[in-house]
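> Starting off with a structure, shown below.
The values are calculated or read from the model by the stated rules, or taken from the named source; none is laboratory data. Since the model is a prediction, treat every value here as computed from it, not as a measurement. So basically every Cβ, Gly included, is an ideal-geometry build from the backbone, and we count neighbours across all protein chains shown.
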Amino acid sequence: RNESEVNSAAGQADSSMSGVLQSFKAVDFYRKLKKDLHQELTESSVIGAGLSVLAALLMVGLVIAEFNSYLTVSTESNVVLDHFNSASEDTLQVNFNITFPHLKCEYASVDATNFMGTHDAGLAARVSKVRLDKSGRTVGRFDDSKQKDHRHSLDEVHEGPATSLVLNNANFEDHHHSKDILLVNFYAPWCHWCQKLEPVWEKTAAAISDKYPGDNRLALGKVDCTHPSSEALCVKHRIDAFPTILVFRKDDKMNSEHESYHGERSVPALSGWADHFMQQIRREVPTSRTVDSDRDGIADSHTGSGCMISGLIHVQRAPGMLIVQAISDSHEFNWETMDMSHTVNHLSFGPFLSETDWLVLPPHIAHSVGSLDDKEFTSDQHVPTTHEHYIKVVKHEVTPPSSWRIPPVTSYGYVVHSNNIQKVGEVPTLRLNYDILPIVVQFKEKKQAFYHFITQLCAIIGGVFTVAGIVASMLDKSVNMMKKKQELGKLG
C-alpha cells in the first residue's frame, strides 16, 4: 500500500510539472517546424539565396561601421566668458626657448611690458642663457651675475707713437697667420667707449713689447670698422658692438671660433690677459680658449657667437609684449649690422602639460599650443630688421569621457601673425606681442554607451533581416505574377 501511494504521488508530481512546462512553452516566440514537415512547408529559391548573401554582407558592413562609431570619441564645443576665481588666476605663465645665432649672450636682454607701458611686467621671471658656437652647438652656460665689470682706467693717456698694429683688409691675413696669437681691437672713432679704450690699448701693447723684447709671436692690433679699407673685415667677423676685442690664432680654420674679451679695460687687466697668451705660446700654461688670467673664477675671454635664451615668466592677463634686444652699458652698437635672426624652438602659455594631457587634447588643439615651435626668421644683413609676432591666446578646457577617469585638461592655444620691419635708424628687436582673450573654449568629449552599442547592433541585424524578408517576398510575388501572365498568354 505504501508503495502504491508513493507511485501515485510521483505520478501526480510529474503530471503537474508537465503541465507547467506546457504552459511555459505557450509563450515561445520562436516555434520551430517539425523536421518531417520542414521540407514540405519551406522552399528555397535563387532569389532568396541571393538576398540572403547580400543581407549578410550588409549586416557585416553595418556592424563594423557601428563598432568604429562606438570606439570613436565625439566632441562638443562651447564658448563661455573666462572668470577669475582668485588673484593667482590673474597671471599667466609664458614659456619660451629662442635661439639667436648672431646675438651674443653678453648683450641679449629680455624685457616684459604691458599695454600700460609698465616695464618689468613679468613676475617671478626665470631666464637662462646658453652660449652657442657658429654651428649652433652648445659652448657653455652664460650667467649674467658672474660677468666682470668693464671698468675703464680714468684719464688714461698714452704718450709716444702707437705701438699696436693698424690692420685692414689688405694686411690682416698676413699678420693673422704670421703671429701665433693676434689680439685685435675692433673699434669705431665715434664710439665713446672706444675712445676711452684707445690709450689703454696702446699702453698695453707697449707693456707687452717691453716685457718680451724681440718676441713677435704675439701682437696687439686694431681695426677701424668705419674706414672703407676695413669695413668688409668687420662685416666678415660680424662686428656689431664697439669695442670688440677678439683673439686670432695662427692655426685658425675658415670657421674657427674666436674668443672675445669681457674683462676690465685697464692696462693691468689687459696686460695680464695678454701675458697669459704669451705663456700659452711658451708652453708655460696649457692652451685654452677660455682664459681666466686673474684666477677669480670668472673668465676674461671665451668663445660663443650666438645665444639660446629660455625660461618662463609670469605676466598679467592683459595685452603685453616680450622684448629681446641688444643692451650694454659699456658698448656702442652698429644697428645696421645687428642681426636678430632667430629660431623659436618653443613658445607656449600656461603650465607645462603632462604626457597624459597631450593624449587627451584633440589634434587641432594640441597643434595650437605651440604654433610657433621650430619656426625660423631671418634678418637682412644690410638693413636693421625688427621681428614682430602678433599672438592671440585662447584658453581651452577639454573634458575627457567620464569612463577615462581623467580630470579636465586646461591648455592655451594661440594663432600668430609675423611681420618684419626694415627701417634705417630702427633698433633691431624681437617683439612678441600677445593678447589673452577673455574667453574659454570648452570641449566635452563623449564616448557612446555600451548599451547604446548593443541596441544599435540589434537594430541592424533585425532591421536588415526584416527588410530583406520583405524584399524577398515582393520579388517572389512579382516572379509568380509574371509566370501566371506568361501561362495565360500561352492559353490565349
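> Give the residue that is surrounded by the most Cβ atoms within 10 Å (Cβ to Cβ), with candidates limited to residues of region 214-254 that are among the charged types (D, E, K, R) and within 20 Å of Lys134 (Cβ to Cβ).
Asp240
The rows are residues; the columns are (1) closer than 30 Å to Ser128 by Cα; (2) assigned to a strand (DSSP E or B); (3) free of Cβ contacts under 8 Å to residues at least 40 places away in the same chain.
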position	(1), (2), (3)
Leu58	no, no, no
Leu92	yes, yes, no
Lys104	yes, no, no
Ser109	yes, yes, no
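> Inspect all residues belonging to region 429-447 and state whether any of them is assigned to a helix (DSSP H, G or I), assigned by TED's automatic domain parsing to the domain that holds Pro363 and either exposed (fewer than 12 other Cβ atoms within 10 Å of the Cβ) or β-branched (Val, Ile, Thr) (or both).
no
> Now, a different point. Give region 329-356 a look and list any residue that's more than 26 Å from Glu106 (Cβ to Cβ) and crowded, with 19+ Cβ neighbours inside 10 Å, or say none.
Ser348, Phe349
> Hey, among Leu123, Leu165, which residue is more than 21 Å from the chain's Cα centre (by Cα) and modelled with pLDDT of 90 or more?
Leu165
> Against the conditions (1) at pLDDT 80 or above; (2) assigned to a helix (DSSP H, G or I); (3) surrounded by 14 or more Cβ atoms within 10 Å (Cβ to Cβ); (4) not basic (Lys, Arg), where does Ile470 fall short? Just the number, please.
(3)
> Residues of region 208-258 being in contact with a Lys or Arg (Cβ under 6 Å, 6 or more places away or on another chain) and either outside the structural domain of Lys179 (by TED's automatic domain parsing) or assigned to a loop (DSSP other than H, G, I, E, B) (or both), which ones?
If the condition is that a residue be in contact with a Lys or Arg (Cβ under 6 Å, 6 or more places away or on another chain) and either outside the structural domain of Lys179 (by TED's automatic domain parsing) or assigned to a loop (DSSP other than H, G, I, E, B) (or both), then Asn255 is the only one that fits.
> Being farther than 24 Å from Glu106 by Cα, modelled with pLDDT of 90 or more and touching a helix residue (DSSP H, G or I) at 6+ places or on another chain (Cβ under 6 Å): is that true of Ser368 here?
No: the conditions fail for Ser368.
> For region 198-228, give me each residue that is among the hydrophobic types (A, V, I, L, M, F, W, C) and farther than 21 Å from Lys250 by Cα.
Scanning region 198-228 gives Val200, Trp201, Ala206, Ala207, Cys225.
> Specify the residue that is farthest from Gly263 (Cα to Cα); the eligible residues are those in region 168-218 that are of a type in the set (Val, Ile, Thr) and over 46 Å from the mean Cα position of the chain (by Cα).
Ile208
> I'm checking my understanding of the structure. Among residues of region 405-428 that are touching a residue at least 60 places away in the same chain (Cβ under 8 Å) and not in a strand (DSSP E or B), which one is nearest to Asp357 (Cα to Cα)?
Pro428
To keep it simple, each residue is scored yes or no on (1) under 23 Å from Tyr107 (Cβ atoms); (2) at pLDDT below 90; (3) small (Gly, Ala, Ser).
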site: Leu218; (1), (2), (3): no, no, no
site: Ile245; (1), (2), (3): yes, no, no
site: Phe248; (1), (2), (3): yes, no, no
site: Ser256; (1), (2), (3): yes, yes, yes
site: His262; (1), (2), (3): yes, yes, no
site: Phe277; (1), (2), (3): no, yes, no
site: Val285; (1), (2), (3): no, yes, no
site: Thr290; (1), (2), (3): yes, yes, no
site: Ile298; (1), (2), (3): yes, yes, no
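> Here's something else I'd like to know. Out of the residues in region 430-481 that are polar (S, T, N, Q) and without any contact (Cβ under 8 Å) to a residue 12 or more places away in the chain, state the one that is farthest from Asp339 (Cα to Cα).
Asn480
> Cβ-Cβ distance below 8 Å, separation of 6 or more or different chains: which pairs start in region 206-222 with a residue that is within 17 Å of Gln280 (Cα to Cα) and in contact (Cβ under 8 Å) with a residue 60 or more places away in the chain and end on one that is in a strand (DSSP E or B) and not charged (D, E, K, R)?
Taking only residues 6 or more apart or on different chains, the pairs are Ile208/Leu218; Ile208/Leu220; Tyr212/Leu218; Arg217/Ile181; Leu218/Ile181; Leu218/Leu182; Leu218/Leu183.
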